[in-house]
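Below is one structure, written out as structure tokens, with a few remarks after it.
The values are calculated or read from the model by the stated rules, or taken from the named source; none is laboratory data. Because the structure is predicted, anything quoted here is derived from the model rather than measured. All Cβ positions, glycine included, derive from the backbone under ideal geometry; neighbour counts span all protein chains shown. We work out accessible area using only protein heavy atoms, side chains counted, and drop any ligands, DNA or RNA first. Shrake-Rupley method; radii C 1.70, N 1.55, O 1.52, S 1.80 Å.
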Amino acid sequence: MIYVKDNLFALHTETVSYVFRATDSLHLEHLHFGRKITVDDRSIPALMEKQEFLTGGLNSYDEEHRSLSLENYMLEMSSYGKGDIREPFVEIIYEDGSSTSDFLYDGYKVMHEKPEYETLPGSYSDYGRSEQLVIYLRERYSGIVIELHYYVYERCDVICRSAKLRNESIQTVNLKRLMSAQVDFDDSDFIFTHFNGAWIREMNRVDNAVTAGRIVNSSYTGTSSSRANPFVMLSRRGTSQNFGECYGFNLIYSGNHYEAVDVGSFSKLRFVNGINPQGFSYVVGPEEYFEAPESVMSFSKEGFNGLSRNMHEFVREHIIRGTWKYKERPVLLNSWEAAYFDINEEKLFSLAEAGAEVGIELFVMDDGWFGERNDDTSSLGDWEVNEKKLPGGIKGIADKIKQLGLKFGIWVEPEMVNVKSRLYESHPEWVIEIPDRNHSEGRNQRILDMGNKDVQNYVIETMDRLFSSADISYVKWDMNRTFTDYYSKNLPPERQGEMAHRYVVGLYRCIKTLTGRFPDILFEGCASGGNRFDLGILCYFPQIWASDNTDAMCRAEIQEGYSYGYPMLALGAHVSSCPNHQTLRSTPLETRFNIAAFALCGYECNLCEMSENELDAIREQIELYKEWRSVLQFGDFYRHDGTGAGNVSWTCVGKDKKYAAGLLFQGLAQPNMPDKRFVACGLRPDAKYHFYNRKFKVMEEFVSMRVDTENEDYHVYGDVLMNCGVRLSQGFAASGYNERVRVFPDFASRIYFMEEE
Ligand code: GLA
């Protein structure tokens, strides 16, 4: 709900309020973001900052407002040069070289439709109307306008913000930064959490105690990046999974991003997020505009799980769209870890055949099928089939796979080119490189200048031809290097700072067009795993390959990291062979499945080389996953506290709370620690559940026999499961074994099911 009275603006969701006002000096004072409050215009005197006398060392805003210091004010947006020295929202260089801006309130509008952005993807609503508030600010001297847009998503307690700069002046300006959101808090007693990492080590949670100065989470890889995901949190000290106040922020953007926490001299905390200003500049001439991406903001008083629930619901309802929004995702088998580049029709067919026998639904031919692609040194850009490997072409292999009763999918990396390719030879001007300088290399490939319309059209038409050439049901859209040597041969020198953003906008145009032309294809985003796992991509591709790391133990942590901000419905997770190709670790096959089952479960191993025992186990896994996937893919996901380092425990609860699945995963076994409890989350306290464990054979890897798991079987109320937990069978502790003992070595795991009776 949006409430506007006089100069007060209040945005309310079911449990959250966001309040600000326009002051007499025509600045926007931020008043509150957090628990829901009841306010009207008469609340202003109680909430507003009181400044009677300027304290020493501060600058007053102007002659007329001698006691107003912008340095010690909670502002809804801050510009540069009028006394506020904290992180600015906007920075502009004017024609005369000056960089001071003075944006002042100039009216508002409430709208009941959310217009589409011209250049960027955004949130949407297909239930009810989405309310929008637009605030207009005008720069006092130049006349440049900034629109602040606010969208309210009541049910998931999310408010989105974005900004648009319209140049209504007569001068051409250089925009150095335009953030998407700025939120000022009255105190700085927070923990700033971000998720950093690297290739095959994505989404490690990092908690920074905020004290003074700045903490920055940002990417300059050209992508949202595995180094620093754009999802971040601010929480009160002591916040746990289910208790405490926390804020979450994300950005609907796939390029260089920036999230900063800045504590000024008066201990007020400012948070901003938006496009990374590093290396960025944008020339905006008269009558031109610039759109900043949408920022997503949420608050929960129910701990990190509460915040995640909001974010998950928001992504499922207001980001993911199209045919696959509510459709169960198929169990796929991907050829990459089974064969790498060494593929041919016979090999792929045998693999698919083995897949069909265990219940796989979709077969994906990964890299290696085009040009002279026998390793990663050549052929990106030449999207024509290698007929030595696939004599019947794409259609030939696709038809054969279909005859097995499977759907067929394909891998592409359209934004890239190898120097060793026909495309590079014919269009060197399409490549991001600085002419006559040496180029830094990444995976032997270079990046196409997606900001160039000709490149976009080439990508669209080449992919259109490919996707139409056979019955293709799935596309893995990869992007395997980060940016260096930022330069567009298509832009004049003064516009080179626009290149990285124009790339993202161009990419969006391509994937919007292609997903529009092929609405039934299931697209999966990928960038060496999680190098572009963000809400911008999820507006077009309903799922993303979360990491090239398929080790079960690493995956437990990586998936848990993603789960803070993203629903499991967005995460590709595959069971692979052991020793694992990334860590050389061996983990039980059942654990590899148990972890993958809590996301979009697929397989990526050579089924043709597996034993009958393993294939039987996989057949049972897939059957079980299909039975439970509506809960596992679309349910509410909860992390559990107190699991200890290296271990995870989760509950995933179906929408109607009638069915739930729980996971217990152990990293390294501790000797003589036989007791464990499983405590669930998110159930109906007054409903009675049948709690039981998934039965499978354990120990195969350790002794030559397979033994049945212990039997857990209880009938208890939801409040027992959540507030007390179930004491599990005694774990193995070197002093005896029978069929009631829980065999729980290193990397062991269990799935528990809960069904309402
Ligand atoms: C990237 C992807 C992998 C695989 C390879 C193919 O690394 O993340 O899953 O597709 O490319 O080259």
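The number of residues in region 581-595 being under 24 Å from the mean Cα position of the chain (by Cα) and outside any loop (DSSP other than H, G, I, E, B) comes to 4.
For the condition surrounded by 23 or more Cβ atoms within 10 Å (Cβ to Cβ) and not in a strand (DSSP E or B), I537 qualifies. Considering each residue of region 89-101 in turn, at least one proves to be within 26 Å of the chain's Cα centre (by Cα) and within 17 Å of R140 (Cα to Cα). Against the numbered list (1) buried (at least 16 other Cβ atoms within 10 Å of the Cβ); (2) within 14 Å of E29 (Cα to Cα), P45 comes up short only at (1).
Please identify the pairs in which a residue from region 1-19 that is part of a loop (DSSP other than H, G, I, E, B) has its Cβ atom under 6 Å from the Cβ atom of a residue that is of a type outside the set (D, E), counting only partners at least 6 apart or on another chain. What qualifies is M1/H12; N7/R21; N7/A22; T15/K36.
Between a residue in region 673-688 that is closer than 11 Å to H640 by Cβ and free of Cβ contacts under 8 Å to residues at least 60 places away in the same chain and any residue that is hydrophobic (A, V, I, L, M, F, W, C) and exposed (fewer than 13 other Cβ atoms within 10 Å of the Cβ), which pairs come within a Cβ distance under 9 Å, given they are 6 or more apart or on different chains? Here the result reads R677/C724; V679/C724, each pair linking region 673-688 to a residue that is hydrophobic (A, V, I, L, M, F, W, C) and exposed (fewer than 13 other Cβ atoms within 10 Å of the Cβ).
Consider I434 carefully, then state whether it is within 30 Å of V331 (Cβ to Cβ) and of a type in the set (V, I, T). Taking the combined requirement at face value, the residue does not satisfy it. Scanning region 348-373 for residues being without any contact (Cβ under 8 Å) to a residue 60 or more places away in the chain, farther than 22 Å from I447 by Cβ and within 16 Å of the ligand (Cβ to nearest atom) gives a total of 3. Those strands (runs of 3 or more DSSP E) of region 218-326 in which at least 2 residues are at pLDDT 95 or above and β-branched (V, I, T), considering only elements entirely within it, cover 257-263, 269-275, 282-284.
Considering each residue of region 409-422 in turn, at least one proves to be more than 16 Å from the ligand (Cβ to nearest atom), of a type in the set (D, E, K, R) and farther than 28 Å from G602 by Cα. The set of residues from region 511-527 being in a loop (DSSP other than H, G, I, E, B) and in contact with a Phe, Trp or Tyr (Cβ under 7 Å, 6 or more places away or on another chain) comprises F518, I521, C526. In the condition set (1) in the same structural domain as H715 (by TED's automatic domain parsing); (2) open to solvent by 20 Å² or more (accessible area, probe 1.4 Å); (3) modelled with pLDDT of 95 or more, T643 is compliant with all but (3). Exactly one residue out of G303, G359 is small (G, A, S) and not assigned by TED's automatic domain parsing to the domain that holds G248: that is G359.
Pick out the one residue from Q445, Q403, Q456 that is within 26 Å of W336 (Cβ to Cβ), more than 16 Å from the ligand (Cβ to nearest atom) and of a type in the set (S, T, N, Q).
Selected residue: Q403, the only one of Q445, Q403, Q456 that is within 26 Å of W336 (Cβ to Cβ), more than 16 Å from the ligand (Cβ to nearest atom) and of a type in the set (S, T, N, Q).
One residue is enough: does region 410-421 have a residue meeting the conditions surrounded by fewer than 16 Cβ atoms within 10 Å (Cβ to Cβ) and either on the phi < 0 side of the Ramachandran plot or not aromatic (F, W, Y) (or both)? No, that holds for no residue.
At least 1 residues being modelled with pLDDT under 95, out of contact with any His (no Cβ under 7 Å at 6 or more places or on another chain) and open to solvent by 20 Å² or more (accessible area, probe 1.4 Å) is the threshold, and among the strands (runs of 3 or more DSSP E) wholly inside region 68-178 those reaching it are 103-111. Could you tell me how many of the residues in region 611-661 are among the charged types (D, E, K, R) and over 29 Å from A354 (Cα atoms)? Final tally of qualifying residues: 7.
For G451, are the conditions met, namely being within 24 Å of the chain's Cα centre (by Cα), more than 16 Å from the ligand (Cβ to nearest atom) and modelled with pLDDT of 95 or more? Yes; evaluated as a whole, the condition is true for this residue. For region 571-588, the tally of residues that are away from the ligand (no atom under 16 Å from the Cβ) and open to solvent by less than 10 Å² (accessible area, probe 1.4 Å) stands at 1.
In summary, G667 fulfils each of the numbered conditions (1) surrounded by fewer than 17 Cβ atoms within 10 Å (Cβ to Cβ); (2) at negative phi; (3) not acidic (D, E) with the single exception of condition (1).
Among the residues making up region 1-11, those that are out of contact with any His (no Cβ under 6 Å at 6 or more places or on another chain) and open to solvent by 20 Å² or more (accessible area, probe 1.4 Å) are I2, Y3, V4, K5, D6, N7.
I'd like the full set of residues that are touching a Ser or Thr at 6+ places or on another chain (Cβ under 8 Å) and closer than 16 Å to V232 by Cα, limited to region 189-198.
Listed by number, the residues that qualify are F190, I191, T193, G197.
In region 515-523, is there at least one residue being among the hydroxyl-bearing types (S, T, Y), away from the ligand (no atom under 16 Å from the Cβ) and over 24 Å from A573 (Cβ atoms)? No - not one qualifying residue is present in region 515-523.
Could you go through region 509-527 and let me know if any residue there is of a type in the set (K, R) and crowded, with 24+ Cβ neighbours inside 10 Å.
no
Looking at region 647-661, which of the residues that are in contact (Cβ under 8 Å) with a residue 12 or more places away in the chain and part of a loop (DSSP other than H, G, I, E, B) is least open to solvent (accessible area, probe 1.4 Å)? Result: G654. Considered as a group, the residues in region 459-507 that are within 16 Å of S219 (Cβ to Cβ) and open to solvent by 30 Å² or more (accessible area, probe 1.4 Å) include one that is nearest to the ligand (Cβ to nearest atom), and that residue is T482. Does region 589-638 hold any residues that are open to solvent by less than 10 Å² (accessible area, probe 1.4 Å) and of a type in the set (S, T, N, Q), and which are they? Within region 589-638, T591, N594, Q621, Q633 qualify.
Residue check: W383 meets all listed conditions (1) over 24 Å from N444 (Cβ atoms); (2) open to solvent by less than 30 Å² (accessible area, probe 1.4 Å); (3) of a type outside the set (K, R) but one, namely (1). Checking the stated criteria, I432 turns out not to satisfy the condition of being more than 27 Å from the chain's Cα centre (by Cα), at negative phi and surrounded by 21 or more Cβ atoms within 10 Å (Cβ to Cβ).
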